[in-house]
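Okay, so here's the structure we're looking at.
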Amino acid sequence: MVDRDADPLGAGRRRRVLITGAGGQLGSALREAFARDELVALSHADWDVTLPAPAGLRADLVLHAAAWTDVDGAEDEPQEAAAVNVGGVTHAAELGAPLVVFSTDYVFDGSKQEPYVESDGPAPLSAYGRTKLHGEAAAGENGWIVRSSWLFGPTGHNFVRTMLRLGSERDEVAVVDDQRGCPTYVGHLAEAIGDLVARPFGLYHVAAAGDCTWADFAEAIFAEAGIRCRVRRISTAEFGARAPRPAYSVLRSERPDAPPLPHWREGLRACLERLGV
């Protein structure tokens, strides 16, 4: 749980926290992490963030987890993705409350080949990455921009749940081995946001410690879950995704006040425990 006593936003009364995208994997984790606050948890059905906020909506803090996350789909529908990832941030900022906006490692092109920090210049390769970068700019100065990466959790559509399903159905899965990043457990990220909102506004990289390729991650999932399934390592080109991805997008922070996260393997174990695996 979040220590609200350490947070000046909550001093003297229960803080009213609005969560957008509350039905998604990150939104669900934020609901748990901020459960001691007065929550206004809105799913897409409650507020389509491509539209202005419903009349009368107010909050002391906005956690904007609503997002277009279909990386390949954004190549086919860039305007629709921008309506969510840019327009949605604009509408969340219009509420006038301190705002947490979640961004991505895909704002970088992966050419650096060493960890990306906050002062590194972004150069997104994909339509999705461009919409997320423009969304950062739409956040304004009254908030925190949180770049994280390769999110996974016990709910929603994510790599861990996909691998568990495929591993139970097949003897072998082909997984990309030339993209390297930091798989981040949404439960750990959500808890860190509770610390972050007591710190100065600005841009923060908040991702799991350690790094791996997707193929490494798949092998770890199978090993931890006790699934007997081989991983065949393939290239990004062999996989054939429509949207380009950065080959290297490890995130680290150069800010001494950035909240650290546990290693991705700890996050994986916590996720599998929640799934009862």
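The values are calculated or read from the model by the stated rules, or taken from the named source; none is laboratory data. For clarity, every value in this text was computed on a predicted model and none was experimentally measured. Every residue, glycine among them, receives a Cβ derived from its backbone with ideal geometry; neighbour counts consider all protein chains shown. For the accessible areas, the whole protein counts, side chains as well, though only heavy atoms, and no ligand, DNA or RNA atoms are used. Shrake-Rupley method; radii C 1.70, N 1.55, O 1.52, S 1.80 Å.
Looking at (1) within 30 Å of GLU224 (Cα to Cα); (2) open to solvent by 20 Å² or more (accessible area, probe 1.4 Å); (3) in contact with a Phe, Trp or Tyr (Cβ under 9 Å, 6 or more places away or on another chain), find the lone condition where GLU191 falls short.
(3)
Take the residues in region 210-240 that are out of contact with any helix residue (DSSP H, G or I) (no Cβ under 6 Å at 6 or more places or on another chain) and in a loop (DSSP other than H, G, I, E, B), then tell me which one is least open to solvent (accessible area, probe 1.4 Å).
SER235
Open to solvent by less than 20 Å² (accessible area, probe 1.4 Å) and under 17 Å from THR20 (Cα atoms), is that true of LEU95?
For LEU95, the condition - open to solvent by less than 20 Å² (accessible area, probe 1.4 Å) and under 17 Å from THR20 (Cα atoms) - is not met.
Here are some conditions: (1) open to solvent by less than 20 Å² (accessible area, probe 1.4 Å); (2) in a loop (DSSP other than H, G, I, E, B). VAL17 meets all but one. Which one does it not meet?
Of everything listed in (1) open to solvent by less than 20 Å² (accessible area, probe 1.4 Å); (2) in a loop (DSSP other than H, G, I, E, B), VAL17 misses just condition (2).
Checking the conditions here, which among SER148, SER119 is more than 18 Å from the chain's Cα centre (by Cα) and either of a type outside the set (Val, Ile, Thr) or open to solvent by 10 Å² or more (accessible area, probe 1.4 Å) (or both)?
Of SER148, SER119, the one residue that is more than 18 Å from the chain's Cα centre (by Cα) and either of a type outside the set (Val, Ile, Thr) or open to solvent by 10 Å² or more (accessible area, probe 1.4 Å) (or both) is SER119.
For region 160-176, which positions are over 30 Å from ASP37 (Cβ atoms) and open to solvent by less than 50 Å² (accessible area, probe 1.4 Å)?
Listed by number, the residues that qualify are THR162, MET163, LEU164, LEU166, GLY167, VAL173, ALA174, VAL175, VAL176.
Restricting to region 184-209, name every residue that is within 25 Å of ALA138 (Cα to Cα) and in a strand (DSSP E or B).
THR184, GLY202, LEU203, TYR204, HIS205
Of all residues being free of Cβ contacts under 8 Å to residues at least 24 places away in the same chain and small (Gly, Ala, Ser) in region 50-67, which is least open to solvent (accessible area, probe 1.4 Å)? Just the residue, please.
Residue satisfying both the conditions and the ranking: GLY56.
It is to be established whether one or more residues within region 20-34 are farther than 25 Å from PHE152 by Cβ, at pLDDT 95 or above and either open to solvent by 60 Å² or more (accessible area, probe 1.4 Å) or out of contact with any His (no Cβ under 7 Å at 6 or more places or on another chain) (or both).
Checked against the condition, which is being farther than 25 Å from PHE152 by Cβ, at pLDDT 95 or above and either open to solvent by 60 Å² or more (accessible area, probe 1.4 Å) or out of contact with any His (no Cβ under 7 Å at 6 or more places or on another chain) (or both), region 20-34 yields no hits at all.
In region 154-167, which residues are farther than 14 Å from GLN25 by Cα and in contact (Cβ under 8 Å) with a residue 60 or more places away in the chain?
LEU164, LEU166, GLY167
Can you pull out the residues in region 68-100 that are in a loop (DSSP other than H, G, I, E, B) and free of Cβ contacts under 8 Å to residues at least 60 places away in the same chain?
THR69, ASP70, GLU77, VAL86, GLU94, GLY96
Determine whether GLY156 is at pLDDT below 95 and in a loop (DSSP other than H, G, I, E, B).
Yes.
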